[in-house]
Amino acid sequence: MPVQQAFTSLLAFVIYLGASLAMLAAFTRLYLWVTPYDEVAEIRVGLMAPAFALSGAIIGYTFLILVAAHVQD
């Protein structure tokens, strides 16, 4: 593999990684803003249900990003 092609592939990966992390952060912020209760405060108190709900939402959105990454023409 030529060096230029490897660099181009690495650059594409870094751009995709940065974009997907930014979208995940935006989704998490939006999810915490839209929910009617303060999940972060309830998690800090020690309640497990909000932690499971938040982590499930994040994992579900991550699967959408993963599927979008594997779509090929």
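The values are calculated or read from the model by the stated rules, or taken from the named source; none is laboratory data. Note that the structure is predicted; figures quoted are calculated from it, not measured. Cβ placement follows ideal geometry from the backbone for every residue including glycine, while neighbour counts extend to all protein chains displayed. The area values use the complete protein model at the heavy-atom level, side chains included, leaving out ligands, DNA and RNA. Shrake-Rupley method; radii C 1.70, N 1.55, O 1.52, S 1.80 Å.
Structure data summary
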read-out: Highest-fluctuation residue, GLY18, GLY56, GLY46 considered, GNM on the chain with Cα pairs under 10 Å; value: GLY46
read-out: Per-residue HN-Hα couplings for segment 12-27 [Karplus 6.51, -1.76, 1.60; θ = phi - 60°; Hz; x = Gly/Pro]; value: 4, 5, 5, 5, 5, 4, x, 5, 5, 5, 5, 5, 5, 5, 5, 5
read-out: Highest-MSF residue in the chain out of LEU32, LEU24, LEU11 [GNM, Cα springs under 10 Å]; value: LEU11
read-out: Under Karplus coefficients 6.51, -1.76 and 1.60, residue-wise ³J(HN,Hα) of segment 52-64 in Hz, glycine/proline x; value: 5, 5, 5, 5, x, 5, 5, 5, x, 5, 5, 5, 5
read-out: In sequence order, calculated HN-Hα J values of segment 34-49 (Karplus, 6.51, -1.76, 1.60; Hz; x Gly/Pro); value: 7, 5, x, 10, 7, 5, 4, 5, 5, 5, 5, 6, x, 6, 8, 4
read-out: Residue order for THR62, THR8, THR35 - accessible surface, 1.4 angstrom probe, largest first; value: THR8, THR62, THR35
read-out: Solvent-accessible area per residue, Å², over the chain with all protein chains present [probe radius 1.4 Å]; value: 81 Å²
read-out: Simple label model, 7 Å out from Cα along Cβ direction - MET23 to VAL40, nm; value: 2.4 nm
read-out: Net length gained if the chain between TYR31 and LEU10 were fully extended (0.36 nm per residue, minus Cα distance); value: 4.4 nm
